[in-house]
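Notes follow the structure.
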Amino acid sequence: MERSSVEFDQNFSGAAGDFPALLRGKGLLAPAAANSFSQAGTPPKAWQPTEATTILAFKFSGGVLVAGDRRATAGNTVVYDRADKVLEIDRHSIMAIAGVPATAWEMARVLEHSFQYFRRTQLQEMSVDGKVRALSKLLRDNFGFVMQGVGGVEARLYFYDAMGAQFEVTDYAATGSGSPAVRGILYYENNWGTKRLHQLDQDEAVSIALRALDTAAESDTSTGGVDRSGKIYPLIKIVSREGIVTLPESKIAAVFKETVA
């Protein structure tokens, strides 16, 4: 019996590439080269991964605020308007992602399992430095997936690049396609606003986050900002020594209506 070209390879581990690479290797997806053409003479349709942007985080008087808009896109197409880009890893740790959400969600599950295993076997929480290194190694080991992220851990804020390098941030961080506008707003508010970011109370911090994401959405189609007609607001979580609080949509809507709209 002739072997199927798509038969499962028992020796394939997945470590050498991502899922599209596997499909290309089996002849089920067009080559990635830009100049490749189909037999009909037309360029093959490029595969567009689903991506999610924009996220931000900054320290305020109550801890660390982490926020993300809700839009997920594939190329120029909006595929989902309620994506969750701010993920809880444990009672004091958050990972916010800008990039391919499926990969990020899987990484979050791996981290959550690792932290739970450590807590149950060692009868204590993993240290902050241990959590930071765990995420760094996970990103480095999955470099082919290329994801950027912001992590908030017990009122400490870290920015990660795609290779797993982590940088502890003094005041704020942002990433994703709308991040240039967000960083400009946070820089302005932190240096010339009525208060520095770490002096803001919760409502003031939420207002700044909403304004930043709404401004980014004006010039970046991949950023959802605030959908006024659909009443869809960014997801906002607060990390403090007491744990993680997800702000209810009614609270975010009230702050938006009072200070932004």
Rank-order 160-171, 53-64 by packing density, defined as the average count of other C-beta atoms within 10 Å over each peptide's residues, highest first.
53-64, 160-171
Using only Cα atoms, locate the centre of region 89-140 and the centre of region 167-191, then give the distance between them in Å, rounded to an integer.
23 Å
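Please give the contour-minus-distance gain from Tyr188 to Ser61: 0.36 nm per residue of separation, less the Cα-Cα distance, rounded to one decimal in nm.
Details: separation 127, 0.36 × 127 = 45.72 nm, distance 1.80 nm.
Stretched fully, the Tyr188-Ser61 segment lengthens by 43.9 nm.
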For the table Lys237/Lys257; Lys137/Lys195; Lys131/Lys257; Lys131/Lys231, the rows whose alpha-carbon distance is greater than 27 Å are Lys137/Lys195; Lys131/Lys257; Lys131/Lys231
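Could you order peptides 219-230, 123-134 by the average number of other Cβ atoms within 10 Å of their residues, highest first? Can you show the working numbers first?
Details: 219-230: 17.8, 123-134: 14.7.
In decreasing order of mean packing, 219-230, 123-134 become 219-230, 123-134.
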Given 69-78, 91-100, the highest-first ranking by average Cβ count within 10 Å works out to 91-100, 69-78
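For Glu258 and Glu218 in the same chain, what is the full-extension length gain: residue separation times 0.36 nm, less their Cα-Cα distance, in nm?
Values: separation 40, 0.36 × 40 = 14.40 nm, distance 2.02 nm.
Between Glu258 and Glu218, full extension yields an extra 12.4 nm.
Rounding to the nearest 20 debye, state how big the charge dipole of region 147-236 is about its Cα centre with +1 on each Lys and Arg Cβ and -1 on each Asp and Glu Cβ. Mind showing how you got there, number by number?
Numbers: 7 positive and 12 negative charges, 16 e Å.
Approximately 80 debye in magnitude.
What's the FRET efficiency of Ser240 with Tyr117 using the Cβ-Cβ distance as r and R₀ = 22 Å, to the nearest 0.05?
On the way: r = 25 Å, r/R0 = 1.14.
With R0 = 22 Å, the Cβ-Cβ based efficiency is 0.30.
Just the accessible area per residue of region 193-261, please: how many Å² with a 1.4 Å probe?
51 Å²
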Taking all protein chains as present, what is the carbon and sulfur share of the accessible area of region 183-261, in % to the nearest whole number, probe 1.4 Å?
48 percent
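Grab the beta carbon distance between Ser127 and Trp105, set R0 = 30 Å, and tell me the FRET efficiency rounded to 0.05.
Values: r = 25 Å, r/R0 = 0.83.
Step by step, r from the Cβ atoms, then E = 0.75.
The values are calculated or read from the model by the stated rules, or taken from the named source; none is laboratory data. The model shown is predicted, which means the values in this text are computed figures rather than measured ones. Neighbour counts are summed over all protein chains in view; Cβ atoms, including those assigned to glycine, are modelled from backbone coordinates with ideal geometry. Side chains included, ligands, DNA and RNA excluded: accessible areas come from the protein's heavy atoms. Shrake-Rupley method; radii C 1.70, N 1.55, O 1.52, S 1.80 Å.
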